Structure formats: structure tokens, C-alpha cells
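The values are calculated or read from the model by the stated rules, or taken from the named source; none is laboratory data. What you see is a predicted model; the values in this text were computed from it and never measured. Cβ placement follows ideal geometry from the backbone for every residue including glycine, while neighbour counts extend to all protein chains displayed. Calculation scope for accessible area: heavy atoms of the full protein, side chains included, ligands and nucleic acids excluded. Shrake-Rupley method; radii C 1.70, N 1.55, O 1.52, S 1.80 Å.
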Amino acid sequence: ERISKVRQLILGDEAQQEDALEELLTYQRADYEGIFTEMDGLAVTIRLLDPPLHEFLPSLEDDDVLTALAEQLGSTVDQLKEQVKASEEVNPMLGLRGCRLGITKPAIIEMQTRAIIEASLNAMSSGVDVKADIMVPLVGKVEEFRNQAALIRSVAAKVFEERGKTCDFRIGTMIEIPRAALIAHEIAKEAEFFSFGSNDLTQMTFGYSRDDVGTFLPSYLSQGILLDDPFVTIDTEGVGQLIKMTVENGRKVNPSLKIGVCGEHGGDPRSVKFFSNEAGLTYVSCSPFRVPIARLAAAQAAVEKS
């Protein structure tokens, strides 16, 4: 049901898009309220929509889905196929995603922000201690962050006026584009926290496609060109230097800046040790099944550092 509404948002006309946003608002608000309730008293970082929109599009080979979606949109299957083809990108991971999506389609970010703020107020009225951190993804220029932060604050202000109540929240960004690491001192003047998107940062720093690296990685490892898979264990020589530089320059202008990492590296023991003892990060985030390993690695790193 949710994926069909996202497809309606992408492929529908203006009225259908507005209808989809209303329904997605209901879903997201309920999700966030449940998360805040479960995490009572703990910080919750919510990354705004990041994946390329093509990931939500139906396959041109899936006739059943195409037929149902065409009926939903009042279109024909042939017309729908043309829309899907027109929405495809040559290099979607470097295309319309992250803050670029939020800037070109602000209604999506308005919906997500309203869901977060309304869910925060709802949970607070039930006695929950809400600590919401809203994260803007794929920022490469400080102007992109300013644009999205202003939009988020304006939506929050509207909700506060409607509800007659307010809540605290923080706005930060992911550092996953090398350019963002190079201008961290500028972004840190505006952002309240950083989170390294280590998967994308590795991909863009090396110029390796994470989806295609398997075509040459075994040869690189066997010949000693690489000692580790850089998408498993952080590359401390290159990517790691960008991380350390970002932390140093960001905290020069914003000493209280909370900085963490989001990605599979957050569950790798050697990477966790680097993040904790060399880079000075505040926290790591990883897939649920990696959490026990990350906790153990963080504890071992803390003992070693002390």
C-alpha cells in the first residue's frame, strides 16, 4: 500500500500527488510516534528521503503491478511505461536524490517534517521524552543545507502555530560527499550535528561503485592493491583522513557538534576503533544485527584508549 502511494507521488498528476502526500503523512506520523515512544528519552535521528526515486518505480516487466498502478492513476499501461522510462536516470546514485530531491520537490520534505513534528507533539502529550534529530542527506554545498533547514523550520513553525505547542528538535546533515568534508567548517556554522554516510563517502572518494566493485575487488585483494574491502573496513588512509579533517574543522567553529557515522562500517570492529580513538566521533549507527558487535567494539576501544 505504501509503495503504491510513493509511485502515485512520482507518476501521478498534481491532485494525485497531493492525495498521496496526505496518505504518506498519516503513515509516517504513526511510524515516528511509535519510534519516539519506544525510544523514550533517547535521541532519534531521522534521515529525510534519500534513495533515488527510480528505486520506487515499478519494473517494466511486472505486468500485474503496471496494470494495477495504471488503474489507480486513471492511465493506460502503455502511457505508464512511457512515464517510467522518462523517470529513469543514467546514474541515479549521483542524480535526483537526497537534498536535491528536497529542493526540487519541497512538498515531500514538508510532508516528512510535518509528520516528525506532529508525531513529536503527540508523543509528548502522552508523557514521552522526545529528542528528534532531523538529518538532511547528500549535502555538498552549504546553500543546500540552508535551503532545507529553512524549509524544515518554516513547516515546524506552522505546526506549532496550529497546535499551540512547541517542541525542541535539531537539524543536521550527512557528510557523504567529499566536497562536504572539504567545507565542513562552513556547514558546521549552520548544522547542529553531522553524521558520516560512510558507504557513499567511500564510494565517491574511491570512485568505486558499491554495486559493481565485485568485478575487480577479488583481484585487488589477491594482488595486495587493497588490503581490505573498503566498504567493510574504513579506509583510514584516504576516507579516514577526510573524516578526521571534517571533525577537526567542524568542531573548530562548533565545539559542541555531535558527530557520528551511519553505515555498515559502524558495525566493523576495526572501523569502530578508528571512529572512537582516532577520529573522535560521538556514536556509530549500523544495521540491527551488527549492534552487539558495535557495542563490544566500542567498549574495547574505550578501554584501550583509557
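So which pairs qualify, if the first residue must be in the range 255-272 and of a type in the set (S, T, N, Q), the second must be outside any loop (DSSP other than H, G, I, E, B) and open to solvent by less than 10 Å² (accessible area, probe 1.4 Å), the Cβ gap must be under 7 Å, and the two must be at least 6 apart or on different chains?
Listed pairs, sorted by first residue: Ser271/His265.
Which residues, counting only those in the range 259-269, are hydrophobic (A, V, I, L, M, F, W, C) and at pLDDT 95 or above?
Ile259, Val261
For Thr37, which of the numbered conditions (1) among the polar types (S, T, N, Q); (2) surrounded by 15 or more Cβ atoms within 10 Å (Cβ to Cβ); (3) at pLDDT below 95 fails to hold?
(3) is the only condition that Thr37 fails.
Restricting to the range 158-182, what's the tally of residues that are hydrophobic (A, V, I, L, M, F, W, C) and either touching a Phe, Trp or Tyr at 6+ places or on another chain (Cβ under 7 Å) or within 21 Å of Glu143 (Cβ to Cβ) (or both)?
So the count comes out to 7.
If I ask for residues that are among the hydroxyl-bearing types (Ser, Thr, Tyr), under 27 Å from the mean Cα position of the chain (by Cα) and assigned to a loop (DSSP other than H, G, I, E, B), which ones from the range 35-83 would you list?
Within the range 35-83, Ser59 is the sole residue that qualifies.
Suppose we filter Val291, Val272, Val253 for residues that are modelled with pLDDT of 95 or more and over 15 Å from Ser198 (Cα atoms); which single one remains?
Result: Val253 is the single residue among Val291, Val272, Val253 that is modelled with pLDDT of 95 or more and over 15 Å from Ser198 (Cα atoms).
Go through the residues of the range 280-298 one by one and say whether even a single one is in contact (Cβ under 8 Å) with a residue 40 or more places away in the chain and of a type outside the set (Phe, Trp, Tyr).
For the range 280-298, residues in contact (Cβ under 8 Å) with a residue 40 or more places away in the chain and of a type outside the set (Phe, Trp, Tyr): present.
Identify the residue in the range 188-215 that is outside any loop (DSSP other than H, G, I, E, B) and either among the hydroxyl-bearing types (Ser, Thr, Tyr) or more than 24 Å from Glu264 (Cβ to Cβ) (or both) and, among all such residues, is farthest from the chain's Cα centre (by Cα).
For the range 188-215, the residue satisfying everything is Thr215.
Between Ala20, Ala68, Ala30, Ala43, which is without any contact (Cβ under 8 Å) to a residue 24 or more places away in the chain and of a type in the set (Gly, Ala, Ser)?
On inspection, the qualifying residue turns out to be Ala20.
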